[in-house]
There are 2 protein chains.
Amino acid sequence: MPYKAIREIGEFGLIDKIAALAEPTLQAVPELLKGIGDDCAIYQPSGKLLQVATTDLLVDQVHFDLLTTPLNHLGSKAISVNVSDICAMNAFPRFALVSIAIPPSFSTEMVEELYKGMSHAAKEYGLAIAGGDTSSSRSGLIISVTIMGEVEPEKLTKRNGAKPGELICVTGSLGGAAAGLKLLMREKAIMLDHFENNEPYNKSVMADLKEYSEAIQCQLLPTARLDIVRFLHSRNICPTSMIDISDGLSSELHHICRQSNTGALIHESRIPISASTRRVADELQDDAITWALTGGEEYQLLFTIPKEEYELIDDYKEISVIGEVTDPDSGVFLSDIYGMRIDLATIRGFDHFGR
Amino acid sequence: MPYKAIREIGEFGLIDKIAALAEPTLQAVPELLKGIGDDCAIYQPSGKLLQVATTDLLVDQVHFDLLTTPLNHLGSKAISVNVSDICAMNAFPRFALVSIAIPPSFSTEMVEELYKGMSHAAKEYGLAIAGGDTSSSRSGLIISVTIMGEVEPEKLTKRNGAKPGELICVTGSLGGAAAGLKLLMREKAIMLDHFENNEPYNKSVMADLKEYSEAIQCQLLPTARLDIVRFLHSRNICPTSMIDISDGLSSELHHICRQSNTGALIHESRIPISASTRRVADELQDDAITWALTGGEEYQLLFTIPKEEYELIDDYKEISVIGEVTDPDSGVFLSDIYGMRIDLATIRGFDHFGR
């Protein structure tokens, strides 16, 4: 298949292709009066709703590796990580602005593949792709996504409302994204090894990744928990604090405790870890609970609710109660399976500048 | 002076420093209920106003060169180029989200210098820095800025409302940014030449740039024309179409004509070019009118108004009438100083992918 160089269609030709891929996302958001094609996107807000805004920058070799990441998955993930921040406010995403800086090696088809992933994810979340910026990059691919969301003022959930005695809840299961990353890094090492030795990289040397698909999907194609936000709204549950888990459970729990001025006690035995994550950890001789506590990019939600609301979530298998909020002097602790208390300040998440 | 490595203060230490620099910008925008410090910024919109949203990505070696760009100027410019898009809608900027990816060579002080420039510009524009994202970069510095603005629905100005017979207006003077860029590139070449020959680069070999300060400021420290938006609102003038000049007058005029389905005729003799730009063009044996037509990054406003409104702008020296809107079959032409008509489709602006 002959690939088309971007210079053949030019900047405005590329923008036309992007606009065509964004177009199907616009129907869900009639309040968006103008998408791509003017100096700004135009939105008609409802004065009754609060707006929430978030942005994330994804940089080649820092946040992703194109050797192990399909472009449509990357596009989808770039949308999902931002929607996850909107979900953490108990809000609904409405529109996105997407900027990309494109390396010289990219063809038109590669850019389209990236936007197909974004457009697909946006449609899933009922979100319009409303504008952005395209430019060239001298090094790797750069993606910047900003998403605006909305929520009724009384439903808004910040990080600072947890109170001692409340329940600490987490959605889905943890550690899967870390398991997926470890598997992909192992696979990449095998691949590079074969390249270096001029050996063909074919199916005979490829690990069968099918059995690991759950973990790999957690890493490459995470889903923001908008379903949980819909569930919370449907049951009229308003968490007292909420955050999404992008830097590991331990780090996010510290954010909630610091901003709410509380402590916390969580129980190892209650932290949801899937069977497939445990199996990968066993195989790689690594520790699933450490992945769950420190693994980034989970995009599950961590939140607190009053004890009285327990019965409202009790029957919903996607939410696990993992502990309770304590007073600030008690610190932030994990009670392990032997009942030993471990100070979670010693177990940290990812720091971009590697302190 | 000992510079502080970012790993010494870590990601959250850096965010604290950034939040402190953003803090003074918050006072101007009481509708911003929460800035940096949660998963999202929180904003209380007025249901009476439309919202406009824009984003720009600035990439090292594509949009700027740190050899010739002071970091606080770069920070200011990153804000201004986005405010310029808000101005092009006849709207007022309200809050910004700022993401940066920081190369390993950067110290804490360099990041602070960048944000000082952003904070200073934001205060000038009455704009709050409300949040963002920080990460590391394996290559150069990357800055992504998104700005949200507001405008009364009846004042909103798009690109598509120009009608034959209307006047074409431009603010300030053109060509200065291109002149500044040419001067900085000449200066950089001299600098690199000295480095290569191991000669010290000191004042004796430095061109005295003071006499070029106007052009260099156009390039390094452009100002968005929020003053023009304020003027238009104060006189109750609502342009029928408007765009900011980021890719050259010729390219922007084509955008207005294509989206309004009109032609245009502008007059070379009426295009405002400053004396200093003409002087630089003479010195570099280049052509000031070409710079004015194709030079990017001017951040002046190009707009159309009905002829009857001429008297409302006649006395305001920052606005020049450069031509008139024509019917679509007439094309987009420049009448040169000899009265010859030149098809502006042959004179193009910047294309990121160099078709």
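The values are calculated or read from the model by the stated rules, or taken from the named source; none is laboratory data. None of these values were measured; they are calculated from a predicted model. Positions of Cβ are backbone-derived with ideal geometry, glycine not excepted, and every protein chain shown enters the neighbour counts. The accessibility values were calculated without ligands, DNA or RNA, using every heavy atom of the protein model including side chains. Shrake-Rupley method; radii C 1.70, N 1.55, O 1.52, S 1.80 Å.
Just one of A:I15, A:I9, A:I36 is within 8 Å of chain B (Cβ to nearest Cβ) and within 24 Å of B:I243 (Cβ to Cβ); which is it?
When all the criteria are applied, what remains is A:I9.
Based on what the data block shows, is A:E31 more than 9 Å from chain B (Cβ to nearest Cβ) and either within 30 Å of A:I216 (Cα to Cα) or open to solvent by 10 Å² or more (accessible area, probe 1.4 Å) (or both)?
Considered against the rule, which asks whether it is more than 9 Å from chain B (Cβ to nearest Cβ) and either within 30 Å of A:I216 (Cα to Cα) or open to solvent by 10 Å² or more (accessible area, probe 1.4 Å) (or both), A:E31 comes out as yes.
Within the stretch B:119-135, how many residues are assigned to a strand (DSSP E or B) and either within 17 Å of the chain's Cα centre (by Cα) or charged (D, E, K, R) (or both)?
Looking only at that region, the number is 1.
Inside the stretch B:123-173, can you point out the residues that are farther than 22 Å from B:A264 by Cα, more than 13 Å from chain A (Cβ to nearest Cβ), open to solvent by 30 Å² or more (accessible area, probe 1.4 Å) and not basic (K, R)?
B:E124, B:E154
One residue is enough: does the stretch B:66-86 have a residue meeting the conditions at the interface with chain A (Cβ under 10 Å from one of its Cβ atoms), surrounded by fewer than 21 Cβ atoms within 10 Å (Cβ to Cβ), over 30 Å from A:R159 (Cβ atoms) and modelled with pLDDT under 95?
no
Output yes when any residue across the stretch B:57-67 is within 30 Å of A:A224 (Cβ to Cβ) and in contact with an Asp or Glu (Cβ under 6 Å, 6 or more places away or on another chain), and no when none is.
yes
Please determine whether any residue of the stretch B:41-58 is part of a strand (DSSP E or B), among the charged types (D, E, K, R), within 12 Å of another protein chain (Cβ to nearest Cβ) and more than 27 Å from A:I100 (Cα to Cα).
The answer is no, given that none of the residues of the stretch B:41-58 is part of a strand (DSSP E or B), among the charged types (D, E, K, R), within 12 Å of another protein chain (Cβ to nearest Cβ) and more than 27 Å from A:I100 (Cα to Cα).
Give, as residue ranges, the helices (runs of 4 or more DSSP H) completely inside the stretch A:230-296 that count at least 1 residues that are charged (D, E, K, R), open to solvent by 10 Å² or more (accessible area, probe 1.4 Å) and within 14 Å of chain B (Cβ to nearest Cβ).
Because the criterion is at least 1 residues that are charged (D, E, K, R), open to solvent by 10 Å² or more (accessible area, probe 1.4 Å) and within 14 Å of chain B (Cβ to nearest Cβ), the helices (runs of 4 or more DSSP H) in the stretch A:230-296 that meet it are A:249-260.
Would you say B:L58 is touching a Pro at 6+ places or on another chain (Cβ under 6 Å) and more than 30 Å from A:I245 (Cβ to Cβ)?
no
Determine if the stretch A:340-355 includes at least one residue that is farther than 30 Å from A:L156 by Cα, within 14 Å of chain B (Cβ to nearest Cβ) and of a type in the set (D, E, K, R).
Yes.
Looking only at the stretch B:173-192, decide whether some residue is of a type in the set (D, E) and either assigned by TED's automatic domain parsing to the domain that holds B:A96 or without any contact (Cβ under 8 Å) to a residue 40 or more places away in the chain (or both).
no
Answer yes or no as to whether A:A5 is open to solvent by less than 20 Å² (accessible area, probe 1.4 Å), of a type in the set (A, V, I, L, M) and touching a residue at least 40 places away in the same chain (Cβ under 8 Å).
No: the conditions fail for A:A5.
Exactly one of these conditions fails for B:V325: (1) under 23 Å from the mean Cα position of the chain (by Cα); (2) of a type outside the set (G, A, S); (3) buried (at least 19 other Cβ atoms within 10 Å of the Cβ). Give me its number.
That leaves (1) as the condition not met.
Got at least one residue in the stretch B:70-85 being within 29 Å of A:S139 (Cα to Cα) and part of a strand (DSSP E or B)?
no
What number of residues in the stretch A:12-27 are assigned to a loop (DSSP other than H, G, I, E, B) and within 15 Å of A:M118 (Cα to Cα)?
1
Could you figure out which of (1) over 26 Å from B:L253 (Cα atoms); (2) touching a strand residue (DSSP E or B) at 6+ places or on another chain (Cβ under 8 Å); (3) at the interface with chain A (Cβ under 8 Å from one of its Cβ atoms); (4) surrounded by fewer than 24 Cβ atoms within 10 Å (Cβ to Cβ) isn't true of B:P103?
(3)
Can you tell me how many residues in the stretch B:297-310 are in contact with a helix residue (DSSP H, G or I) (Cβ under 8 Å, 6 or more places away or on another chain) and open to solvent by less than 10 Å² (accessible area, probe 1.4 Å)?
Within the stretch B:297-310, residues that are in contact with a helix residue (DSSP H, G or I) (Cβ under 8 Å, 6 or more places away or on another chain) and open to solvent by less than 10 Å² (accessible area, probe 1.4 Å) number 4.
Somewhere in the stretch A:175-186, is a residue in contact with a Pro (Cβ under 8 Å, 6 or more places away or on another chain) and either surrounded by fewer than 20 Cβ atoms within 10 Å (Cβ to Cβ) or closer than 30 Å to A:E308 by Cβ (or both)?
Scanning the stretch A:175-186 turns up no residue that is in contact with a Pro (Cβ under 8 Å, 6 or more places away or on another chain) and either surrounded by fewer than 20 Cβ atoms within 10 Å (Cβ to Cβ) or closer than 30 Å to A:E308 by Cβ (or both).
Condition first: touching a Lys or Arg at 6+ places or on another chain (Cβ under 9 Å), more than 14 Å from B:G37 (Cβ to Cβ) and of a type outside the set (D, E). Now tell me which residues in the stretch A:153-169 satisfy that.
A:P153, A:G165, A:L167 - these are the residues of the stretch A:153-169 that are touching a Lys or Arg at 6+ places or on another chain (Cβ under 9 Å), more than 14 Å from B:G37 (Cβ to Cβ) and of a type outside the set (D, E).
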